[in-house]
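The values are calculated or read from the model by the stated rules, or taken from the named source; none is laboratory data. Just so it is clear, the structure is predicted and the values come from calculations on it, not from any experiment. No Cβ is skipped: glycine too gets one built from the backbone with ideal geometry, and neighbour counts run over all protein chains shown.
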Amino acid sequence: MEQDSPKKQSRLKSFAVAFRGLKIIFVGERNFRIQLLLGLFAVIACFFFQVTTSEWIVVLLLIAVILSTEALNTCIEYICDYISPEYHHMIKKIKDVAAGAVLLCVIIAVVITCIIFIPYIHNMLSVGVR
């Protein structure tokens with residue numbers, strides 16, 4: 001039996017490390033789990049309303065951006081807590097800005113999601129009323 005090349009083993013190890021990181025954030029971060037659940041609702045809504053391919057792409061990108069931003073925010077928090085376990089006003093600013101980045105992505109995602117889904121909801125309600 002042939003052994004895997006060092007490059008292939010390295011790639012497999014990279015995937016294992018990445019999945020371990022996803023497990024860490026999933027288990028340890030309530031906001032990540034909430035955002036993942038909301039993303040799942042958005043995917044279900046895409047199936048339900050039979051949105052266009054372009055709308056699917058936008059929704060999936062929004063989910064990826066929010067989850068990735070939350071993961072980066074968590075990394076920043078971990079680094080800050082490691083560097084300065086005690087309170088420091090600059091660490092607070094860094095954490096606040098990182099959290100603000102997540103919030104900004106969420107707000108924009110909500111606006112875009114409304115732009116996508118409100119016409120479908122409106123159409124469904126108008127058909128149901130007649």
Subset of region 83-130 (residues that are among the aliphatic types (A, V, I, L, M) and farther than 22 Å from SER68 by Cβ): ILE83, MET90, ILE91, ILE118, ILE121, MET124, LEU125, VAL127, VAL129
Filter result for ALA42 (surrounded by 12 or more Cβ atoms within 10 Å (Cβ to Cβ), of a type outside the set (S, T, N, Q) and part of a helix (DSSP H, G or I)): yes
Pairs where the first residue, in region 82-96, is modelled with pLDDT under 95 and the second is surrounded by 11 or more Cβ atoms within 10 Å (Cβ to Cβ) and β-branched (Val, Ile, Thr), C-beta under 6 Å, 6+ apart: SER84/ILE91
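Per-residue answers, yes or no, for (1) buried (at least 16 other Cβ atoms within 10 Å of the Cβ); (2) of a type outside the set (A, V, I, L, M, F, W, C); (3) closer than 22 Å to ALA109 by Cα; (4) touching a Phe, Trp or Tyr at 6+ places or on another chain (Cβ under 9 Å):
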{"site": "THR52", "(1), (2), (3), (4)": "no, yes, yes, no"}
{"site": "ALA71", "(1), (2), (3), (4)": "yes, no, yes, yes"}
{"site": "TYR78", "(1), (2), (3), (4)": "no, yes, no, no"}
{"site": "GLU86", "(1), (2), (3), (4)": "no, yes, no, no"}
{"site": "LYS92", "(1), (2), (3), (4)": "no, yes, no, no"}
